[in-house]
1. In a shell of Cβ-Cβ distance under 15 Å around Ser131, excluding Ser131 itself, what net charge do Lys and Arg (+1) and Asp and Glu (-1) give?
2. Hey, what do the phi angles of the range 97-110 turn into as Karplus ³J(HN,Hα) couplings, whole Hz, using 6.51/-1.76/1.60 and θ = phi - 60°, x for Gly and Pro?
3. Order by neighbour count: Glu112, Glu193, fewest other Cβ atoms within 10 Å first, most last.
4. What's the exposure ranking of Lys142, Lys149, Lys235, going from fewest to most Cβ atoms within 10 Å?
5. Separation between the Ala143 and Ile221 pseudo-spin-labels, each 7 Å from Cα along Cα→Cβ, expressed in nm?
Amino acid sequence: MKRRKVNYGFFALVLAIIFAMVFGACGDLGLEDIIDLYGNPVDFGDQGGLDIQNLDLGDPDLEDLLERLGDLDFGDQGDLTGQTGPGGGIIFYYDPAGFTMTDINRTAHYLETAPADWSTDVHFEWASSESVAFGLVSNTSKAIGTGRKNTALILVAAGGDRSVTAPAANACATFNFGTRADWFLPSRDELEELCEATVVLDITGLSPGGWYWSSSQNIDIEECAWSRDFQDEDKNNNDKGSNLAVIPIRAF
């Protein structure tokens, strides 16, 4: 019997398409930036730590792969607000039409806040006064769907030891819970939705009356970024050197 020749070139093309889908629409962020910010090696569950740049995927299920990379569009599953999300937190926002995650240009329908045991006692600067990010961080936005890209832009601009140069964004981007490592510092509008949902959904673990950082730069005052008071529901521009609370969120 004649053996069928395996077309390895075809498989290489498929893998290239997968990675282009996941990483190809990140604006000014390259693959190395994304790997650097969101972890390398990548944890693919029971397979252990794998280097994504030299990854032997074997025969993965595409949906499982995208889900583990934190990028799967689950579609519209109806209003799940108040329920536990895939990351173990509370789903606080639902958009039946969907919104675009601007870092990867894919559709999401839900926003999920970090689990209730996320510490609210620790406060962070948005950027240290010695950091490049203390000046203007270009191309951040206020809209829903932009927080994850904002977070990446802040960390890329800050460079160095990001726990020092961009503490607020770093605290959210390095937060891990369960199998999810795609948390980020919310944009101004995402933070506003969370603030409004805390009353309706009775979300616990948030500091009452506390000011929280967003990932949205004030384009008019480069040393300031948008923040939100969860008690009085005030919005403000705070000096980036101020120590405010943060809350990681994720989208799916």
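1. -4
2. So the J values, rounded to whole Hz, are 7, x, 9, 8, 7, 6, 6, 10, 6, 10, 8, 10, 10, 9.
3. Working: Glu112 26, Glu193 19.
Lowest to highest Cβ neighbour count: Glu193, Glu112.
4. So the ranking, lowest neighbour count to highest, is Lys235, Lys142, Lys149.
5. The modelled label-to-label distance comes out at 2.6 nm.
Rule-based calculations on the coordinates, nothing more; no lab input. Keep in mind that what you see is a predicted model, and the values were worked out from it rather than measured. Backbone-built Cβ (ideal geometry, glycine too); neighbour counts: all protein chains shown.
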